Amino acid sequence: VWGAGADLVAIDATLRQRPGGQGLEELVERCRQELGAPLMADVDSLESALHAARLGCCWIGTTLYGYTQGTAGMAPPPMNLLPNLRLQLPAEVALICEGGIENPAQAAEALRAGADAVVVGTAITGVDLQVARYARTMAAGQQGLAED
């Protein structure tokens, strides 16, 4: 990614085990030494975010919230996590809300909750998911009509 011209590299900065037993500290150091790349930490929790910031990651993204064993019962977007992140992260570390933003109101809510920026992905690019949601809703509506 870096060699292809990216401006930064995002890494899994959760506290979970990595391939080959590599620690986050080692991964961050390798990125610095071998690439000189600024890093965005994809995190799942306050603990992993603070750890990544201490290691020097410039951006913290909530990308993995709800996708790790420790956050499996939580669903993005991480509106409850953002205020604590903003309060405890150093001011110079950018906080990016990424994951689960489905509409402009949620994006605005994320900014009010402390995010410096918001990533909107699937809500724009996931046309197949939007079509499936329409189909389910319409089918449920048809069933309701048949029962009346």
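The values are calculated or read from the model by the stated rules, or taken from the named source; none is laboratory data. This structure is a prediction, so every number in the text was calculated from the model and none was measured. All Cβ positions, even for glycine, are placed from backbone atoms using ideal geometry, and neighbour counts span all protein chains on display. Note: areas computed on protein heavy atoms with side chains; ligands, DNA, RNA excluded. Shrake-Rupley method; radii C 1.70, N 1.55, O 1.52, S 1.80 Å.
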Within segment 77-84, is even one residue closer than 18 Å to M40 by Cβ, in contact (Cβ under 8 Å) with a residue 24 or more places away in the chain, assigned to a helix (DSSP H, G or I) and among the hydrophobic types (A, V, I, L, M, F, W, C)? yes
If I ask for residues that are acidic (D, E) and either under 23 Å from C97 (Cα atoms) or buried (at least 18 other Cβ atoms within 10 Å of the Cβ) (or both), which ones from segment 1-53 would you list? D7, D12, D42, D44, E47
Can you name every residue in segment 67-91 that is among the aliphatic types (A, V, I, L, M) and open to solvent by less than 30 Å² (accessible area, probe 1.4 Å)? L81, L82, L85, L89
